[in-house]
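Let me begin by handing over the structure; questions about it come next.
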Amino acid sequence: MSKEAKIRDKEGKAWLYTDVVKDHFFNPKNLLKHGEEENYNADASGRVGSPACGDEMALWLKIDKKSERITECKWQTFGCASAIASTSMLSVMVTENGGMKVDDALKIKPQDILARLGGLPARKVHCSVLGDQALRTAINDWFQKTGQNQRIINV
Ligand code: FES
């Protein structure tokens, strides 16, 4: 299979998507199906919208209180293919290898997600910010719910 897929926009310009992006778009990891959020017993959640395009992202976390590791990260979005692929990758990054500690998860930047995806077309980079902001919002929610308001950060 080719390393990159070319998709043309309305003006006929080619956008390049890596195989990793395509995989996470066609087989999103940790996606919470619509309707399942009511029975998903999350420790924290975050919901953000993108001023750039009006899309929305919701994200739920399960966090082990003692180790502060993220054991599950589920999400839903009405965003585009790039938002889906980016957030799918983000959800893998924070839960792989036994789960990332919340302080380390707060250090993740959109560039780190892009690096794991092998890049996104320049005009799609803002889509990767959506999951990142939802993650920070959810971690802030966890800080608040666990009485650690002093740890709340600016999203
Ligand atoms: S264009 Fe809105 S999330 Fe990608």
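For a quick check, take a GNM of the chain with Cα springs below 10 Å and name the residue from D104, D132, D19 with the largest mean-square fluctuation.
Taking springs between Cα atoms under 10 Å, the residue moving most is D104.
Over the chain, what is the mean sequence separation of C-alpha contacts under 8 Å (at least six apart), divided by residue count, expressed as relative contact order in percent?
That works out to 26 percent.
I'd like the Karplus ³J(HN,Hα) series for segment 61-75: coefficients 6.51, -1.76, 1.60, θ = phi - 60°, whole numbers in Hz, and an x wherever there's a Gly or Pro.
Each residue's phi maps through the Karplus curve to give 10, 10, 10, 6, 4, 6, 8, 6, 8, 7, 8, 9, 9, 10, 7 Hz.
Sort K62, K33 by Cβ crowding within 10 Å, fewest neighbours at the top. Please report the intermediate quantities before stating the final value.
Working: K62 18, K33 9.
In increasing order of surrounding Cβ atoms, one gets K33, K62.
Further, regarding this structure: Student exercise: in segment 55-155, how many lysine pairs 8 or more apart or on different chains have Cα atoms under 24 Å apart?
Lysine pair count for segment 55-155: 24.
Can you tell me how the chain classifies by the Cα gyration tensor, rounded, prolate or oblate, using a/c under 1.5 as the rounded cut?
Taking the square roots of the gyration eigenvalues as a ≥ b ≥ c, the chain is prolate.
5 Å is the cut-off here: which amide hydrogens, built 1.01 Å from N in the peptide plane, fall below it relative to I108, excluding neighbours closer than 5 in sequence?
Under 5 Å from the amide H of I108: no residue qualifies.
While we're here: What are the residues whose amide H is under 5 Å from the amide H of D43, where those residues sit 5 or more places off or on another chain and H is modelled from the backbone?
Here L61, K62, I63 satisfy the definition.
Additional query: Roughly speaking, what is the stretch gain from D112 to D19, that is 0.36 nm per residue apart minus the C-alpha to C-alpha distance, in nm to one decimal? List each step's numbers first, then the result.
Working: separation 93, 0.36 × 93 = 33.48 nm, distance 1.72 nm.
Net length gain for the segment: 31.8 nm.
Could you check the spin-label model distance between H34 and R47? Points 7 Å from the Cα along Cα→Cβ, value in nm.
Taking the simple label geometry, H34 and R47 are separated by 1.4 nm.
While we're on this one: Give the angle, between 0 and 90 degrees and rounded to the nearest 10, that separates the Cα long axis of helix 125-145 from the longest principal axis of the Cα atoms of the chain.
10 degrees
If the chain between S67 and R151 were fully stretched, how many nm would it gain, using 0.36 nm times the residue separation less the Cα-Cα distance?
Here the answer is 28.6 nm.
Next up: If amide hydrogens are placed 1.01 Å from N in the peptide plane, which non-local residues have theirs closer than 5 Å to the one on M100?
I70, T95
Want the number for V92 to F78: 0.36 nm per residue separation, take away the alpha-carbon distance, what's left?
3.1 nm
Would you kindly derive the ³J(HN,Hα) couplings of segment 26-37 from the backbone phi angles with the Karplus curve 6.51 cos²θ - 1.76 cosθ + 1.60 (θ = phi - 60°), listing them in order in whole Hz, with x for Gly and Pro?
7, 10, x, 8, 6, 6, 9, 5, 4, x, 7, 5
Since every read-out is calculated from the coordinates, none of them should be taken as a lab result. Just so it is clear, the model here is predicted, and its values are computed rather than measured. Counting neighbours? That spans all protein chains shown, and the Cβs are built from the backbone with ideal geometry, glycine included.
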